[in-house]
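Remarks on the structure that follows.
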Amino acid sequence: MAEVLVLVDHVDGEIKKTTYELLTAAKALGSPSAVVVGGAGAADKLADGLTEHGADKIYAAETDSTDFLAPEVAVLESLIGSAAGVLISASANGKEVAGRLAVRTGSGLLSDVVGVTGDGVQHSIFGGAYTAEAKANTEHPVITVRPGAIDIEASAGAGARESVEVPAASGRQATVTGREPIQGGSRPELTEATVIVSGGRGVGSAEDFTVVEGLADSLGAAVGASRAAVDSGYYPPQFQVGQTGKSVSPQLYIALGISGAIQHRAGMQTSKTIVAVNKDEEAPIFEVADFGIVGDLFKVAPQLQDEVTKRKG
Ligand SMILES: Cc1cc2nc3c(=O)[nH]c(=O)nc-3n(C[C@H](O)[C@H](O)[C@H](O)COP(=O)(O)OP(=O)(O)OC[C@H]3O[C@@H](n4cnc5c(N)ncnc54)[C@H](O)[C@@H]3O)c2cc1C
């Protein structure tokens with residue numbers, strides 16, 4: 001069976017959930033091979049989880065390079081020759097790796113897909129109004145998969161280990177000399193979260209985003225924001241959901257004071273269950289919501305939070 005490369009997304013010795021989604025998707029194309037690029041011993045720490053989720057092979061590419069995403073691109077480039085395809089998470093970093101890899105290897109790039117079959121891939125387009133099917137006309141296509149779009153199926157793979165060299169960069173004009181991650185706080189990351197509570201312009205101010213955060217924390221959820229909320233300075237840009245923000249597909253998406261413009265829907269419409277709270281019963285968000293509450297978010301969200309807290313207690 002043809003090998004399918006899966007770039008493992010990992011942080012601090014933990015595999016990100018999106019990697020398991022990629023391994024599940026890879027099985028539709030062939031035999032999944034997980035590619036771990038990281039410091040010494042990184043692949044050893046992750047091997048059990050990868051094997052349990054279907055990795056037949058685990059490539060360990062050890063490096064202490066600080067070059068931003070360059071080792072990932074170089075390693076995948078060196079392995080792509082016999083692969084039926086490469087699956088990468090459609091995260092900000094994943095999209096960067098995928099673009100560079102596709103250009104270097106002359107591969108077709110299928111981006112932000114929500115389904116993978118032996119015959120091609122599916123995209124959710126025009127704000128989720130259509131599902132388009134696509135196929136690359138090249139060998140070993142590079143495919144980025146929207147986080148949350150694939151239901152994880154655990155089935156053990158062979159987990160055979162192999163060390164690979166990280167090819168040295170050549171002809172560089174500049175080198176990244178250091179990196180420091182931003183401290184993200186205790187909430188889950190947007191693209192990893194099972195539950196997201198997002199606030200829009202209806203929240204009205206940065207201070208009042210505590211209402212969104214309060215409900216999110218009661219649910220163990222990530223916080224998101226519409227572009228209008230971000231542009232108004234209510235919440236930082238890295239939390240924006242939508243066409244020009246992050247694409248998310250959580251199990252539960254709660255929209256507070258968000259009208260549901262097509263550019264917002266483009267980033268959240270594939271969520272499994274959508275709950276909208278808006279005081280305007282005509283708001284387009286209700287067209288995609290599974291449950292809608294016509295009301296003032298400042299009355300509804302605290303009540304929801306109280307109920308959740310009571311039921312947890
Ligand atoms: C090229 C392009 C890219 C874009 N990309 C994005 C993107 O990535 N993400 C994104 O979100 N947008 C994006 N937009 C902007 C998008 O078109 C909308 O302007 C934006 O999504 C509106 O945000 P909103 O729903 O928070 O605000 P509004 O449309 O102003 O809606 C606010 C809603 O809050 C409700 N409300 C007000 N007060 C309350 C209350 N107390 N209780 C309950 N409800 C209340 C109102 O009824 C209203 O429906 C993009 C636009 C363009 C042109």
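The values are calculated or read from the model by the stated rules, or taken from the named source; none is laboratory data. Model, not experiment: these values are computed from the prediction. Note: ideal-geometry Cβ built from the backbone for every residue, glycine included; neighbour counts use all protein chains shown. Surface accessibility is based on the protein's heavy atoms, side chains included, excluding ligands, DNA and RNA. Shrake-Rupley method; radii C 1.70, N 1.55, O 1.52, S 1.80 Å.
Residues in the range 126-156 that are open to solvent by 60 Å² or more (accessible area, probe 1.4 Å) and more than 13 Å from S249 (Cβ to Cβ): F126, A129, Y130, T131, E133, K135, N137, E139, E153, A154, A156. Among the candidates G148, G157, G171, the residue that is in a loop (DSSP other than H, G, I, E, B), assigned by TED's automatic domain parsing to the domain that holds R104 and at positive phi is uniquely G148. Looking across the range 225-262 at every residue that is among the aromatic types (F, W, Y) and within 11 Å of the ligand (Cβ to nearest atom), the one that is most open to solvent (accessible area, probe 1.4 Å) is identified as F239. Would you confirm whether any residue within the range 161-171 is buried (at least 21 other Cβ atoms within 10 Å of the Cβ), under 27 Å from A25 (Cα atoms) and not polar (S, T, N, Q)? Scanning the range 161-171 turns up no residue that is buried (at least 21 other Cβ atoms within 10 Å of the Cβ), under 27 Å from A25 (Cα atoms) and not polar (S, T, N, Q).
For the range 131-148, state whether one or more residues are more than 30 Å from G85 (Cα to Cα) and of a type in the set (G, A, S). Talk me through it step by step, then tell me what you get.
Of the range 131-148, the ones more than 30 Å from G85 (Cα to Cα) are none.
No: zero hits.
Of G257, G220, all but one fail to be of a type outside the set (S, T, Y) and over 28 Å from K95 (Cβ atoms); the exception is G257.
Restricting the search to the range 4-14, which residues are surrounded by fewer than 21 Cβ atoms within 10 Å (Cβ to Cβ) and either among the acidic types (D, E) or assigned to a strand (DSSP E or B) (or both)?
H10, V11, D12, E14 - these are the residues of the range 4-14 that are surrounded by fewer than 21 Cβ atoms within 10 Å (Cβ to Cβ) and either among the acidic types (D, E) or assigned to a strand (DSSP E or B) (or both).
Open to solvent by less than 70 Å² (accessible area, probe 1.4 Å), more than 9 Å from the ligand (Cβ to nearest atom) and not assigned by TED's automatic domain parsing to the domain that holds N93: is that true of I274 in this structure? For I274, the condition - open to solvent by less than 70 Å² (accessible area, probe 1.4 Å), more than 9 Å from the ligand (Cβ to nearest atom) and not assigned by TED's automatic domain parsing to the domain that holds N93 - is met.
Please enumerate the residues belonging to the range 284-298 that are assigned to a loop (DSSP other than H, G, I, E, B) and within 11 Å of the ligand (Cβ to nearest atom). If you could, list the steps in order and put the result at the bottom.
First, pick out the residues of the range 284-298 that are assigned to a loop (DSSP other than H, G, I, E, B): 284, 289-290, 295-296.
Those that are assigned to a loop (DSSP other than H, G, I, E, B) and within 11 Å of the ligand (Cβ to nearest atom): P284, G295, D296.
Based on this model, can you work out whether L23 counts as modelled with pLDDT under 95 and under 22 Å from S247 (Cβ atoms)? Even if it seems obvious, please write down each step before you answer.
Details: modelled with pLDDT under 95: no; under 22 Å from S247 (Cβ atoms): yes.
No: the conditions fail for L23.
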